[in-house]
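Following: one structure in structure tokens, then a few remarks.
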Amino acid sequence: MRIHRLNPQLISQIAAGEVVERPASVVKELLENSLDAGATRIELEVEHGGVRLIRIHDNGSGIHKDDLLLALSSHATSKIASLADLERIASLGFRGEALPSIASVSRLTLISRATGQDSGWKLLGSREPSHHPIPIAHPVGTTVEVRDLFFNTPARRKFLRGERTEFGHLEDVVKRIALSRFDVEIKLRHNQRPVMLLHPANVYTEQEQRLAALCGRAFRENAVFLDQKAAGLQLWGWIGLPAFSRSQADLQYFFVNRRMARDKLATHAVRQAYQDVLYQGRYPAFVLYLELDPSLVDVNAHPAKHEVRFRESRLVHDFLFHTLHEVLAQVRPGTPALPAVPPTLVTPPDPAWCSHSEQQAMPLPVQEQMIAYAGVHPETDPSPPIAEQGSAEEPPPLGYAVAQLHGIYVLAENAAGLVLVDMHAAHERITYERLKTSLEQEGIRSQPLLVPITVTLSRREVQWVEERAELFANMGMEVAPLGPETVIIRRIPALLAGADAAQLLRDVLADLLTHGTSTRMGETLYETLSTLACHGSVRANRQLTLVEMNALLRDMERTERSGQCNHGRPTWVQFKLEELDKLFLRGR
């Protein structure tokens, strides 16, 4: 076959393969066009999961009559005009491919009335010169109707799933759009039935209501709001508490300048921030918004605009990680999710009947902590009960211990009601954080290998080992090239004496080649510390005195990430007085 030009219809259908994957793709492109037009109210109606009908009506600025034909032409747009505009894209769309691609694989009808025009204009989805707009009554705004998707490309249509599956993908797109723009009213109907009605949310309480409607009330109740700025970057949104984890990554929404984005760099930063508090195999839940200068992000990295590329990827990664890591560290009893000075150590007043308790003191596994407990909380000076104390001193967040249940749980009374603490999980986190602090202050101690280990790598990896010798030294490893594709490991961290040094080296190099940095060594060391903390913490069936239980509560209030143990399990639960009253039908 000789080289020839493809006809415009075939070109559009090929382009549609990149833009239009399923009905959800059509909805995404059309909703983004409505938002770019300044719409504050969008109505969406679909039938049969969007395959039979997709109709979107908005109150945006509309399309001028003379531009309707051009709107269905490839590479025609009003959003950019020069290379400078392409480098600072502030709109959601910019290629001018969506409408012609959709029109090439469906029966499309475009109706629009621009601001200042006397009537609306209707155009069928064809770019042939014989078709011209016809006048029609229509308010200011645009209505796009897409019928019989992929009717002329049966090979594409047979790859579509069932109605419920396709509508599920479509509904998720609408959710993401609704989360990206709280100020826009969105209505969704499926098969003539209302599915979603979201009013504009311009204040924080209304935004919380929309968040609960889209992500579930459980997420809102177990999420922490954050808003941090640094180095020209701003990160705000909601992150789920570690105890509220998911079996799948189905509740993760990340937006860059209000644009939906799937970014491996951001995902890696979030996972690193949660690594110390999340149960293995679980996924965090979050709705996060990253704001930065449009010139610092390339949104033209994916044909369907799903992915973005940051010009300063290391800066963005470190900003995301440190921000989330600090917020999660400060989530503890009675402390907001913002950096705060740890409270001063104060001896809590114990109940007067503490000395009459039949519980016997049992030594905790870590002797140094017992000595500290005894020095801070002497048993010889019990204070009056909580009820008899004056109101001058506010009780601590976790209150004061009342009793121990089955040698596992600590029961405490605070201002809100009843607190139930898993003493092993809580003490495990306290011990773990102290071991981490000791490691950070004293550094990583390394030890020489009795028999050095030879590892075969690629030439590129050997070059990285040679160039990053100081980095490996800081990690407690001594690695040196032995040949073009061979290195030798002579020293490893003392805590990792029984670890697979060769596999650890390969994992670190893989991280360095992919992300430019590696936390693999720190993760492995922390796993070892976590094991030590687990074995060095108070065990079940250990009877504690009220003094020891109160000391444990105070340590929880001072310790970072004390809301969950090293494995991601919660360490304490609050039962409010109102909940207890309901159990016993009080006040009825």
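The values are calculated or read from the model by the stated rules, or taken from the named source; none is laboratory data. Since this is a predicted model, take the numbers as computed values, not measurements. Because the Cβ atoms are built from the backbone with ideal geometry, glycine has one as well, and the counts that use them run over all protein chains shown.
Laid out as a table, the results:
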{"quantity": "Number of the condition not met by Trp238 [criteria: (1) under 30 Å from Arg314 (Cα atoms); (2) free of Cβ contacts under 8 Å to residues at least 40 places away in the same chain; (3) of a type in the set (A, V, I, L, M, F, W, C)]", "calculated": "(2)"}
{"quantity": "Condition met for Leu315 (modelled with pLDDT of 70 or more and assigned to a helix (DSSP H, G or I))", "calculated": "yes"}
{"quantity": "Members of segment 536-585 found to be within 21 Å of Ala243 (Cα to Cα), of a type in the set (Val, Ile, Thr) and either in contact with a Gly (Cβ under 7 Å, 6 or more places away or on another chain) or assigned to a helix (DSSP H, G or I) (or both), listed by number", "calculated": "Thr571"}
{"quantity": "Qualifying strands (runs of 3 or more DSSP E) (wholly inside segment 219-269; at least 2 residues being of a type in the set (A, V, I, L, M))", "calculated": "223-230, 233-240"}
{"quantity": "Sole residue being assigned to a loop (DSSP other than H, G, I, E, B), buried (at least 20 other Cβ atoms within 10 Å of the Cβ) and in the same structural domain as Lys187 (by TED's automatic domain parsing), chosen from Leu149, Leu170, Leu160", "calculated": "Leu149"}
{"quantity": "Residue selected from segment 48-92 under the condition within 27 Å of Leu10 (Cα to Cα) and among the acidic types (Asp, Glu), by the criterion nearest to the chain's Cα centre (by Cα)", "calculated": "Asp67"}
{"quantity": "Matching residues, segment 229-254, being buried (at least 17 other Cβ atoms within 10 Å of the Cβ) and not small (Gly, Ala, Ser)", "calculated": "Leu233, Leu235, Trp238, Ile239, Leu241, Pro242, Phe244, Leu251, Gln252, Tyr253, Phe254"}
{"quantity": "Number of the exception - Ala213 against (1) touching a helix residue (DSSP H, G or I) at 6+ places or on another chain (Cβ under 8 Å); (2) closer than 30 Å to Glu291 by Cβ", "calculated": "(1)"}
{"quantity": "Wholly within segment 415-518, strands (runs of 3 or more DSSP E) carrying at least 3 residues that are surrounded by fewer than 17 Cβ atoms within 10 Å (Cβ to Cβ) and not assigned by TED's automatic domain parsing to the domain that holds Phe321", "calculated": "446-456, 478-483, 486-493"}
{"quantity": "Verdict on Val487 being among the aliphatic types (A, V, I, L, M) and without any contact (Cβ under 8 Å) to a residue 40 or more places away in the chain", "calculated": "yes"}
{"quantity": "Unique match (being of a type in the set (A, V, I, L, M, F, W, C), surrounded by 21 or more Cβ atoms within 10 Å (Cβ to Cβ) and assigned by TED's automatic domain parsing to the domain that holds Arg176) among Leu108, Leu86, Leu53, Leu70", "calculated": "Leu108"}
{"quantity": "Some residue of segment 8-31 being within 26 Å of Thr115 (Cα to Cα), hydroxyl-bearing (Ser, Thr, Tyr) and touching a helix residue (DSSP H, G or I) at 6+ places or on another chain (Cβ under 9 Å)", "calculated": "no"}
